[in-house]
Amino acid sequence: MAESTSLKRATFQVTLAVLISRVTGFLRELALAWAYGLSGIRDAYNISQYIPNQLGSLLNASTSAGLIPLFMKIKREDGEEAAWNAANAILGTSAMVLGLFSLLLSLLPQPFVVAFAPGFMQEGGERFSLAVYFLRFTAFSTLFLVMNGMLTGLSQAYKDFVPYMVSAPLQNLTILAFIFLAYYLVPGKAVFMLALGTFAGALVFVIIPFARVASRYKGFLRLKVDFKNRYVQEFLLLSIPVLIGSSVQYINILVDQIMASFLPVGSISALNYGNQIMLMMVGIFGASIASANYPYIIEDYHSKNYTSLTTRVHRAFNLVQAIMVPSALGLLVLGVPLARLLFQRGNFTAMDAQITGRLISAYGVGLLTAGLSVFYPRLYYATGDTTTPTKIATAGVVLNVALNYLLAFALRMGALGMAIATSVTITFNVALYHRYLRGKIPNLTIRPCLVPLLKAAAAAAIMATITTALSVLLPQKTRIRCSTY
């Protein structure tokens, strides 16, 4: 009963944290849309964010998958002091390597912008120059993002989710403050203030968990650089397979950005706005549920309490399905009205809203499987299998690239084709995750989740039908015709 209460509290805390984070992040996106619309500045800023953030996310996924299980294992077998000695060596060594890389990225950003957005070079170089300028500031996000992930991971090993709850919202609010300061007080320095605000926000993002861990676990947090430490080497052995798998996703993002850079100006921004809607839903519900359950799943698996593990998985899946199914149909039916409601103000025009709304609907197709996709890999990691998710991710990249070319370019669907390709690829990956999970965890089956899924789908279908009928019958404002973006 106590453990059940603890899990519910953890799930609530993480869900609340992600909700606040996504809401403040979405407010940041609304402010950017209001200030810049679908402009070249916004495209350049997106690229400067994608490069360090996707690299940071890539490393964060692998380091978290390696550090948290290793820390909990050492703590259980050798004691808390030994666990923190290992963590200090891993944190210190990682910080030094990532700090040097971030400095290099800041000093020499041009090759990275060329790699991510070669299309920027074909139009006089304005977006290229802006992306280079932004990247000099945002480069350190790689270091800050990974350090935040490792420090919050250590807190989660103690069932402490406060750093996870606070750091991202404060980061978003910092950036939001700089956007408004630039617009109202120093409009002539808008680009500089946006770049500076992004750096300041990333710095806040890592200071919060560092301060929390240092104050809560006094005497334990003493970073050191030690490449020869055996736990650093064991950490690398655990992390490298996940790093390879995450690299596949990183390459996927890279290919998407390269292809999108050849589409008309504003396409990257439109894809980003549409994707943010999907990521907000996945983050608030899918990722928070998966993060809260992950430490308990690891404990259940290593203690061979497979009945408890199966029950956790069923509850988590049913909760994700109950939320994601109606949300997916809602995005599919209400994509354009939602874009108008959320974004159409300031420099974000009615035409921009029409384009973005179609992309929101396309991303809605894959919302359910996107919610499940953040849970499935953790089941593999709990068993120590980090290679199967890598193989599945590789297959997904191949499919995504092929679909991007077919839909976006061969069939001339543009950004809409790329959004559809993303949804189809996520669904393909989840199908493979499910197929190859069989037999890895004794007694685990997902069949009991099918009936709740059908019930959620039936209820959502009724909702979508009524909503569509109302949209047809009620008076509409003049619709905007637009070409494929």
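The values are calculated or read from the model by the stated rules, or taken from the named source; none is laboratory data. No experiment lies behind these values; they were computed from the predicted model shown. Ideal geometry is used to build each Cβ from the backbone, glycine not excepted, and the neighbour counts take in all protein chains shown.
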Pairs where the first residue, in the range 98-125, is closer than 20 Å to residue 267 by Cα and part of a helix (DSSP H, G or I) and the second is at pLDDT 90 or above and aliphatic (A, V, I, L, M), C-beta under 6 Å, 6+ apart
113/131; 113/132
Candidates 322, 328, 339, 316 - the one that is touching a Ser or Thr at 6+ places or on another chain (Cβ under 6 Å) and touching a residue at least 40 places away in the same chain (Cβ under 8 Å)
339
When residue 221 is run through (1) in a helix (DSSP H, G or I); (2) surrounded by fewer than 21 Cβ atoms within 10 Å (Cβ to Cβ); (3) touching a residue at least 40 places away in the same chain (Cβ under 8 Å); (4) aliphatic (A, V, I, L, M), the failure sits at (1)
In this structure, does residue 404 turn out to be farther than 30 Å from residue 315 by Cα, in contact with a Ser or Thr (Cβ under 6 Å, 6 or more places away or on another chain) and not small (Gly, Ala, Ser)?
no
For the structure I just gave you, tell me whether residue 241 is over 25 Å from residue 103 (Cα atoms) and modelled with pLDDT under 80.
yes
Scan the range 343-376 for residues that are under 21 Å from residue 323 (Cα atoms) and at pLDDT below 90 and report the count.
1
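Which one of these is in the same structural domain as residue 109 (by TED's automatic domain parsing), closer than 23 Å to residue 73 by Cβ and either at pLDDT 90 or above or among the aliphatic types (A, V, I, L, M) (or both): 165, 147, 193?
Details: 165 fails: closer than 23 Å to residue 73 by Cβ; 193 fails: closer than 23 Å to residue 73 by Cβ.
147 is the lone residue from the list that is in the same structural domain as residue 109 (by TED's automatic domain parsing), closer than 23 Å to residue 73 by Cβ and either at pLDDT 90 or above or among the aliphatic types (A, V, I, L, M) (or both).
Would you mention how many residues in the range 383-424 are in a helix (DSSP H, G or I), closer than 25 Å to residue 359 by Cβ and free of Cβ contacts under 8 Å to residues at least 60 places away in the same chain? Before the answer, list the steps.
Restricting attention to the range 383-424, the residues satisfying the condition of being in a helix (DSSP H, G or I) are 387-410, 415-424.
From what's left, closer than 25 Å to residue 359 by Cβ: 393, 395-410, 415-424.
The next check asks that each one be free of Cβ contacts under 8 Å to residues at least 60 places away in the same chain; those that pass are 395, 398-399, 402-403, 406-407, 410, 417, 420-421, 424.
Adding up the residues that qualify gives 12.
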